[in-house]
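J.: The structure that follows is given in the form of structure tokens.
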Amino acid sequence: MLEQLKLFRLPQPAPVPKTRQVVISGRIVDFRIKTGARRLSMTIDERGLRLSAPTRMRLADIDHFVLDHGAWVLQKLDELARVCRPRHINIKDGAPLPLLGQDIEVRVIPGANRFRWIAQTLVLEARPDANLGGLATRALKAQALIHFSGRLAHYTAQIHLAPPPLGLSAARTRWGSCSRNSGIRINWRLIHLAPHLGDYVVAHEVAHLLEMNHSVHFWRIVGTLYPDWKTARNELKTCAASLPIL
């Protein structure tokens, strides 16, 4: 019966172009359209302006919707441009490097491929042929383990649990994970961002120690540990584009 029903589906409408452009206050704005939504909506993040639209909505109506919200679109695109710095960082003597939301200075001196932290300076003692990006990454991971261990102890104390084992991850799509067997893992790249964003991720994973799901009760626990979690979650989506690549 299910196979027979497929025969009587209405013809599919012509595909909607994936990308379009409108001119807002003299600026050309590109946007992408995804069809199949129940209503027309738009979002702006590190990928730019994106719209979700009903399948049979006219392109002219979609364009008018963008133009009607033109001031908001330009404002958000400008805000995003200010937040998102270039991602590739060339590690060299004197280079700035984001650490917990603030730029620190990198100093490179001759040495045996080791690193030291001196106040707000990362000192790389490097051989002539050293991979400075790799050496800086080692230093940042070490700092991340120290920092997030402290934050993990802080949040587990609030629910009267001992801190589980903490590990670092380099996942491309996840900020953290929690397992009753192996403990909590935090994406080490969070060490680049402001401390309150890392705190939200740690609080989120600590809440999973009590609820291994994303139920209403889970989010209540998150709200107890980190009341402003919705703002932090939205900010993380934007900051993902600014994470440096060493």
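J.: What are the residues in the stretch 177-201 that are open to solvent by less than 10 Å² (accessible area, probe 1.4 Å) and small (Gly, Ala, Ser), if any?
T.: Gly183, Gly198
J.: A further question on this structure: Name the residues in the stretch 208-246 that are surrounded by 14 or more Cβ atoms within 10 Å (Cβ to Cβ), more than 17 Å from the chain's Cα centre (by Cα), in a helix (DSSP H, G or I) and without any contact (Cβ under 8 Å) to a residue 40 or more places away in the chain, would you?
T.: Listed by number, the residues that qualify are Phe218, Trp219, Val222, Gly223.
J.: Within the stretch 178-189, is there a residue that is in contact with a Pro (Cβ under 8 Å, 6 or more places away or on another chain) and either among the β-branched types (Val, Ile, Thr) or more than 27 Å from Met212 (Cα to Cα) (or both)?
T.: Within the stretch 178-189, one or more residues are in contact with a Pro (Cβ under 8 Å, 6 or more places away or on another chain) and either among the β-branched types (Val, Ile, Thr) or more than 27 Å from Met212 (Cα to Cα) (or both).
J.: Which count do you get for residues in the stretch 125-150 that are farther than 18 Å from Gly111 by Cβ and of a type in the set (Val, Ile, Thr)?
T.: The number of residues fulfilling the criteria is 1.
J.: Let me ask you something else. Quick check on Arg174: is it surrounded by fewer than 18 Cβ atoms within 10 Å (Cβ to Cβ) and under 26 Å from Thr238 (Cα atoms)?
T.: yes
J.: Which condition number does Gln102 fail, the rest of (1) open to solvent by 40 Å² or more (accessible area, probe 1.4 Å); (2) farther than 20 Å from Asn187 by Cβ being met?
T.: Of (1) open to solvent by 40 Å² or more (accessible area, probe 1.4 Å); (2) farther than 20 Å from Asn187 by Cβ, only one is false for Gln102: (2).
J.: I've got another one for you. Look through Val16, Val66, Val73 and report the one residue that is assigned to a loop (DSSP other than H, G, I, E, B) and either modelled with pLDDT of 90 or more or aliphatic (A, V, I, L, M) (or both).
T.: The unique qualifying residue is Val16.
The values are calculated or read from the model by the stated rules, or taken from the named source; none is laboratory data. These numbers come from a predicted model, not from an experiment. Glycine gets a Cβ as well: all are built from the backbone with ideal geometry, and neighbour counts include every protein chain shown. Please note that ligands, DNA and RNA were not included when accessible areas were found on the heavy atoms of the full protein model with its side chains. Shrake-Rupley method; radii C 1.70, N 1.55, O 1.52, S 1.80 Å.
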